[in-house]
Amino acid sequence: MILNLDKWKKDAVAAIDSQGQQLTYGEVRDFAEKAEHLMPARSLMFLLVENNVGGIAWTIGNICAGNVPLILNAHLDEGLYNSLYDLYQPPFVCVPEAVADKYDYEKVITCYGYTLMKTGHGACPMNNELSHLLPTSGSTGSPKLVRHKYENIEAAALNISTFFELTEKDRPLMVLPLYYTMGLSMVFSHFYVGATVLITNLNMTDRNFWKFIKEERATSFTGVPYSFEILNMMRFYRMDLPDLTLLTQGGGRMPKELNLKFAEYCRDNGKQWIATYGQSECTARMAWLPSKWAIEKVGSIGHAVPNAELSLIDMDGNSITTPNTEGEMCYRGKNVTMGYARSREDLLLGDERHGFIRTGDLAYFDEDGCYYIVGRMGRFLKLFGMRVGLDECERIIKGKFPGLECACVGTDEKMLVYLTDESKKELVKEELVSRLKLVASSFEVRIIAEIPKNEAGKTLYAKLENK
Amino acid sequence: MENLEKYNNAFVEVFGAKVEDLNDNYGKDTVEEWDSVHQLSLIAQFEETFDIMFDPEDIMEMTSYAKGKEILAKYDVTF
């Protein structure tokens, strides 16, 4: 059975949510069997989930049963839902029971708090290897989907549980959404070792969130940079959480100062701090920085996860073998997904990547083989003939003004810096001018109400005017 | 500036609220935008304005206009 699910005792607890529901491994297996008979074999379904036990049961149950869920946010904007629905025409849609009445489809069954409905659309022919689909962006509902295969699930589960040294005693706290690749991979890797996933949809500022961590004795916390900004503001360091021994971070670069703060806190309090790197195109985690290097090599993504390989290529596609030389980072491993889907017909496509992907990230490695991401390929401008990294500029600004929100975009004519704080307008410009030694007119600072971001906290540059 | 004025200003800054809309019912249950980001921004405003540092417990409790005043009283900020 997929993910070793048949290996664990029937009454071993697979997941607990903050609403007090519980799911055993026996129930997961039974539900997987049931899901096989709820729909014709290999049915395409839209699965709109919340972070609760039912969301996990329906996701894992259907993947095991051979149905192919597109996992989406239950609170996805209606317009975005409609565009996806029209494009992919799923024969089945499953949503939380509480919102089922909003849909005009024929109800099939309700269990674990979710209602399965039949839309009337015909069966969708799909590739045999296709296991599940995820949106490329959690919140914008882009019609571009990532096509995963069964082998990706197994590989991600094995790799991740290996380097985190997960065991059945682990009780990871899951705040990341189930429809987000890193959240889903937490479920995969922990089910693979028979652990108990503690899943919640509570706000981290909610008293009950902290009650849940304490009462359920969470052993690890996985977050994106933004989650740690919240923990930082919540005075996490002053909380007494003896069971929590592992903090892991992914989902983009974390500001150096904050990264160090957590690394040092963990070192001083007998906890592990592990920064990771990944992409949804590779079933989440691709690289990790062992905690022994958390401080010394802060900002590094470390090396490839087990059973995988990172490499660099130069502009001409030749492999780079000398340390401290920048190139595009490439990845080889069984967790590399099959490719994208942009239409219903694309679900028939086979593996287009064959375990290899160019990440689109510019990086170098040091003498120990630890990788450092410099920026996104293409996130560069040429101002007065000088190559200027937009990500680097953001780091300069955030380094000088900790906590300041900013986003840099632009053309080779001019860089645009978006800020939300009017009072820093001139200071930011001065800082860039003095650090980059460019004329002030190369920069234009614009003030906006909010920097557009996805739910993982990554800036949505496409939403900002670049000239 | 009086404490009340400073207190109100924080809500104006964080929520873009109008002073005349602020009352004891103003809070997490009545204000749609009130999420963890807004709550923490409010905390940051208060800490800066009143030069204090909240305990985690109090940060979690900061869920309405009325509660905020109660909590600030513990830090000797009175209205």
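Among the numbered conditions (1) surrounded by fewer than 16 Cβ atoms within 10 Å (Cβ to Cβ); (2) of a type in the set (A, V, I, L, M, F, W, C); (3) within 13 Å of chain A (Cβ to nearest Cβ), the only one that B:I43 does not meet is (1). With respect to the stated conditions, B:E20 fails to be closer than 26 Å to A:E450 by Cβ, in a loop (DSSP other than H, G, I, E, B), more than 12 Å from every other protein chain (Cβ to nearest Cβ) and without any contact (Cβ under 8 Å) to a residue 12 or more places away in the chain. Considering the range A:221-260 alone, what residues qualify as being within 14 Å of chain B (Cβ to nearest Cβ) and of a type in the set (F, W, Y)? Across the range A:221-260, the qualifying residues are A:Y226, A:F228, A:F236, A:Y237.
Every condition in (1) out of contact with any Asp or Glu (no Cβ under 7 Å at 6 or more places or on another chain); (2) within 14 Å of another protein chain (Cβ to nearest Cβ) is met by B:F54 except one, and the failing one is (1).
Of the residues A:T276, A:T219, A:T283, which single one is within 30 Å of B:H38 (Cβ to Cβ) and surrounded by 17 or more Cβ atoms within 10 Å (Cβ to Cβ)? Outline the logic, then answer.
Details: A:T219 fails: within 30 Å of B:H38 (Cβ to Cβ); A:T283 fails: within 30 Å of B:H38 (Cβ to Cβ).
Matching residue, one of A:T276, A:T219, A:T283: A:T276.
For the residues A:A363, A:A456, A:A449, the requirement of being surrounded by 14 or more Cβ atoms within 10 Å (Cβ to Cβ) and either in a strand (DSSP E or B) or modelled with pLDDT of 85 or more (or both) singles out A:A363. Selection within the range A:163-202: residues that are closer than 19 Å to A:L76 by Cβ and either touching a Leu at 6+ places or on another chain (Cβ under 7 Å) or within 14 Å of chain B (Cβ to nearest Cβ) (or both). The member of this set that is surrounded by the fewest Cβ atoms within 10 Å (Cβ to Cβ) is A:N201. Scoring A:A98 on the criteria (1) in a helix (DSSP H, G or I); (2) in contact (Cβ under 8 Å) with a residue 24 or more places away in the chain; (3) out of contact with any His (no Cβ under 7 Å at 6 or more places or on another chain) leaves a single failure, condition (2).
Quick one: which residue in A:A218, A:A263, A:A275 is part of a helix (DSSP H, G or I) and either away from every other protein chain (no Cβ under 12 Å) or modelled with pLDDT of 95 or more (or both)? Exactly one of A:A218, A:A263, A:A275 is part of a helix (DSSP H, G or I) and either away from every other protein chain (no Cβ under 12 Å) or modelled with pLDDT of 95 or more (or both), namely A:A263.
Cβ-Cβ contacts under 6 Å between residues 6 or more apart (or on different chains), taken from a first residue in the range A:369-383 that is in a loop (DSSP other than H, G, I, E, B) and surrounded by fewer than 18 Cβ atoms within 10 Å (Cβ to Cβ) to a second residue that is modelled with pLDDT of 80 or more and among the small types (G, A, S), are listed as A:M377/A:G360.
The values are calculated or read from the model by the stated rules, or taken from the named source; none is laboratory data. Source: prediction; values computed, not measured. Glycine gets a Cβ as well: all are built from the backbone with ideal geometry, and neighbour counts include every protein chain shown.
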